[in-house]
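Following: one structure in structure tokens, then a few remarks.
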Amino acid sequence: MENDLSGIKAVIFDLDDTLYDCSGTLIVRGRRQVAKTIAKLISCSEEEAFRLQNDLEEKHGTKCNVYDYIVAMYNLPPSCGKRLLDEYICVEISDITLFPCVIETLIQLKKQKYMLFLVTSGEMLVQKNKINALGLGNNYFDKILIVERDGEKKKKDYFKEIMQHSNLRAEEIICVGDKIDDEIAAGKTLGMITILFEHGRHYRAFLQNKGMQIKPDYTIKNIADVLELVRRPV
């Protein structure tokens, strides 16, 4: 049975691997960068250090801090974990670009009077720099919210704030993202319509975990597909 989308008034978008290719750009770039340091610390090649990061994430999941595992595996000083994570995060982001049709989709949704929100997780300054580099700070969104990586609030808390401050009910909101165990889970828990964007390492992890109980209401391969969904007759 399909969801009734006739009452939708707002769309919440994730950023990384939803509006641009984070897995194929910044993730690879960060791991290549920090591999140089790891190689020196554990006496291996940079390519081996790069593969080690990928292997640890595949084994322990996308939410794990692979650098804590590396510190434990090789009996490195505890301070190395933060040092490696900081080096991984601090990469050049000026050349990242949006997926096709993102701006056109946002403009069309605004023309159709939908409220638009961007809710993204990570280091505050890094996420702000990404938003600016992608040109998304130009009044496309009614509000942009950044969930601090180690902060007390989670995406679910910000979703609740959006509902409260914008006088919206959960069933009036679509949540679009690539992480089934983050924004999609939060949206479903609250009763929103959820759309999983089929891209990136989190989506690949979802495909590998066939036993996962959380399922999105819809999946899309292109952000413009959101327009087709909200136009769906009921």
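What the table shows:
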| item | result |
| --- | --- |
| Loop sites in the stretch 35-135: trypsin sites (Lys or Arg not before Pro), DSSP, at most 15 other Cβ within 10 Å | LYS63, LYS113 |
| Quarter of the Cα convex hull surface for the stretch 127-188, i.e. its orientation-mean projected area (nm²) | 4.9 nm² |
| Whole-Å distance, taken between Cα centres, linking the stretch 173-224 and the stretch 24-92 | 27 Å |
| Per-q log10 I(q)/I(0), the stretch 51-161, q = 0.20 Å⁻¹ (Debye; single scatterer per alpha-carbon; no solvent) | -1.17 |
| Farthest toward positive dipole pole in the stretch 2-106 [+1 Lys/Arg, -1 Asp/Glu at C-beta], among LEU76, CYS64, ALA49 | LEU76 |
| Efficiency of FRET between GLN164 and HIS60 - r from beta-carbon atoms, R0 45 angstrom, step 0.05 | 0.80 |
| GluC sites (Glu not before Pro) within the stretch 53-119: DSSP coil, no more than 16 neighbouring Cβ in 10 Å | GLU92 |
| For the stretch 28-85: span of alpha carbons on each principal axis (Å, largest first) | 25, 23, 16 |
| Restraint check, LYS82/LYS160; LYS40/LYS154; LYS130/LYS155, Cα-Cα greater than 29 Å | LYS82/LYS160; LYS40/LYS154 |
| Per residue solvent-accessible surface (Å²) - the chain, probe of 1.4 Å | 51 Å² |
| Ellipticity estimate at 222 nm from DSSP helix runs (n ≥ 4, -39,500 (n - 2.57)) divided over the chain, nearest 500 | -13000 deg cm²/dmol |
| Accessible area of the chain belonging to carbon and sulfur atoms, whole % at 1.4 Å probe | 49 percent |
| Spin-label pair ASN222/LYS40, simplified geometry with 7 Å Cα→Cβ offset, distance in nm | 4.6 nm |
| Relative counts (whole %) of C-alpha pair distances in the stretch 145-234, using bins that are 10 Å wide | 16, 45, 34, 5, 0 |
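The values are calculated or read from the model by the stated rules, or taken from the named source; none is laboratory data. This structure is a prediction, so every number in the text was calculated from the model and none was measured. As a convention, Cβ positions derive from the backbone with ideal geometry for all residues, glycine included, and neighbour counts pool all protein chains shown. These accessible areas exclude ligands, DNA and RNA; they are computed on the full protein's heavy atoms, side chains included. Shrake-Rupley method; radii C 1.70, N 1.55, O 1.52, S 1.80 Å.
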